[in-house]
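Step one of this worksheet: look at the structure below.
The numbers here are math on the coordinates, done by the rules we state, and not lab data. It should be emphasised that the depicted structure is a prediction, and the values quoted were computed from it without experimental measurement. Virtual Cβ from ideal backbone geometry, glycine too; neighbours counted across all protein chains shown.
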Amino acid sequence: MPESVATRPISSVAVVGMGYVGLPTALALHAGGLRVLGIDSAPQRLAAISSRDIDLIEADRRRLESALGTDGFELTSDSSRVAEADAVMVCVPTPVDRHQLPDLTALRDACDTLVRHARPGQTIVLTSTSSVGTTATLLVDPLTANGFTVGEDIFVASSPERIDPGRSTPTQREVPRVVGGVTEACTARAVGLFSVLTATVHTVRSAEAAELTKLYENTFRAVNIALANEFADICAGLRLDPMEITAAAATKPYGFMAFYPGPGVGGHCIPCDPHYLLWQLRATRTPAPLVNQAMNAIAERPRQVVDRLINTLSRDGKGIAGRRVVVVGVSYKPGVQDVRASSALDIIAYLLDEGAVVDYFDPLVPQVTLHDDSNMKSSVQPNGADWDVALIHTVHTGHDYSWLSGCPMVIDTTYRFDTGAGKGQWPCVA
């Protein structure tokens, strides 16, 4: 392979996985002047993108409108076409199963396809979050077995995604990307690619270093969210407002970063990524008691929310069985339709187990599949008087929640919602 391959410009990229990470990434690459091939194994997802029936921030929606129908942006379910691109980014989900163990099914399938269809000169980057060594195991080793010399005739790197769904700021351009290549040449190729996406690329010495960086980022968030929830409970016992305390502490310009309490976590990062680290540490028998405890506390939070609700009713001489409860918001965070690992689903399951009559209202999620695979539809025109309790889980900006003032009891697990008749309750004593 001529030496010039390592410096040949990248003009086309295949993005494997057109989900919450892959689609915005593909649109940003296209806006940066590259030809983009978006690949997804689900034809219904590609159809939804083509019909504009997808969850995107406004800036990406405009980019999609500009990209669709142009020669430089194409969608396909034919994964063999990765061979056509100068570079390939893997953006498939890496969830955990019901036992909190890593589920690499989608990532293994994607990497197997890449290895089968790889061609000399390509740059391949894993952006999916996974355990340390995944890039080597799923790409480097099989590519080498197929006769490639990584760093000479093919280039492999890790650069875990840093996209915050539903938030327009900071933009992808403003968020630095960490890049670690298998060799220096691999790093250089990947840096050139990511320079299209961001103004700042931070390089580390290896793909493994990049992989662990992402696990550290989200483990940091998980530990601090668990602490914020615990501190909210401390505030409750002292009859103080945790939001006031957090805001006051956040005035310190060093040594403190504000995290806020809530009903639990969800999405594709915080409930999953630390478990990839914990799973790997078991093999080396490396203890991580703080991380373990934080993840246990996060898992227990939805049950704690329901227990607090039950205790509140009990103080009024009421039981939960037969009580009409509406869960307000089921997406895992404001501004998105994503319900993956949403704590609202756990809360609904616990409420149903306790005998409550449960509905939900979410203007962004018309229907949701519960843990028992049954479907529930959102109330369309809610009336607060229709329920005994409204439990606020997720509030989307730009939507009317004034009907909550008509509900006899409002439990605010976000600690920040104003019903119009004053702030919602959150029990001071467990």
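Observations on the structure shown:
- Multiplying the residue separation of residue 51 and residue 97 by 0.36 nm and subtracting their alpha-carbon distance yields 13.4 nm.
- In this simple spin-label approximation, residue 70 and residue 146 carry label points 7 Å from Cα along the Cα→Cβ vector, and these lie 3.0 nm apart.
- Compared with the dominant principal axis of the Cα atoms in the chain, helix 273-284 is inclined by about 70°.
- Cα extents of segment 3-205 along the three principal axes, largest first (Å): 44, 42, 31
- Computed Rg/Rh of segment 276-342, alpha carbon atoms with Kirkwood Rh: 1.15
- Potential lengthening between residue 377 and residue 292 on full extension [0.36 nm per residue; Cα-Cα distance subtracted]: 27.1 nm
- GNM result for the chain, Cα springs below 10 Å: residue of 355, 133, 335 fluctuating most strongly: 355
- Alpha-carbon Rg/Rh ratio, for segment 170-266, with Rh computed the Kirkwood way: 1.15
- Interchain or long-range residues, amide H under 5 Å from residue 357's placed H: 322, 323, 324, 325
- Helical mean residue ellipticity (222 nm; -39500 (n - 2.57) per DSSP H run of 4+; nearest 500) of the chain: -11000 deg cm²/dmol
- Selection among 51, 223, 136 by position relative to the dipole of the chain gives 223 as farthest towards the positive end (Cβ unit charges, Cα centre).
- Charge dipole of the chain (Cα centre as origin; +1 on each Lys and Arg Cβ, -1 on each Asp and Glu Cβ, all else neutral): 560 debye, rounded to the nearest 20.
- Shape parameters for segment 299-412, alpha-carbon atoms, Rg then Dmax in Å: 13.1, 37
- Here the Karplus curve 6.51 cos²θ - 1.76 cosθ + 1.60, taken at θ = phi - 60°, turns the phi angles of segment 229-241 into couplings of 5, 5, 5, 5, 5, 4, 4, 4, x, 9, 6, 10, 8 Hz, with x standing for Gly and Pro.
- Size of segment 183-234: Rg and Dmax of its alpha carbons, in Å, are 16.5, 52.
- Coupling constants for segment 174-183 follow from the phi torsions by the Karplus curve (6.51 cos²θ - 1.76 cosθ + 1.60, θ = phi - 60°), and in residue order they are 8, 8, x, 10, 8, 10, x, x, 5, 9 Hz; glycine and proline get x.
- Cα gyration tensor category, rounded, prolate or oblate, for segment 41-149 with a/c compared to 1.5: oblate
- The orientation-averaged shadow of the Cα convex hull for segment 127-178, equal to a quarter of the hull surface, comes to 4.7 nm².
- Integer Hz, Karplus 6.51/-1.76/1.60 couplings in order for segment 79-87, x for Gly and Pro: 5, 5, 6, 4, 5, 6, 9, 5, 9
- Helix axis angle, 184-194 relative to the chain longest principal axis, alpha carbon, degrees: 60
- Close amide-amide hydrogen proximity is noted between residue 179 and 202, 203, 204, each under 5 Å apart and 5 or more residues distant or on a separate chain (H modeled in the peptide plane; Pro and chain starts excluded).
- Rounded tilt (10° steps) of 289-315 against the dominant C-alpha axis of the chain: 30
- Peptides ranked, highest mean first, by Cβ atoms within 10 Å: ranges 85-98, 242-255, 171-184: 85-98, 171-184, 242-255
- Taking a point 7 Å from the Cα of residue 81 along the Cα-to-Cβ direction, the residues of segment 13-43 with backbone N closer than 14 Å to it are 13-18, 35-43.
- Over the chain - Rg/Rh using Cα atoms and the Kirkwood inverse-distance radius: 1.01
- Likely footprinting exposure, 387, 403, 279, fewest C-beta neighbours within 10 Å first: 279, 403, 387
- Long-range HN-HN contacts of residue 73 with modeled amide H, under 5 Å: 36
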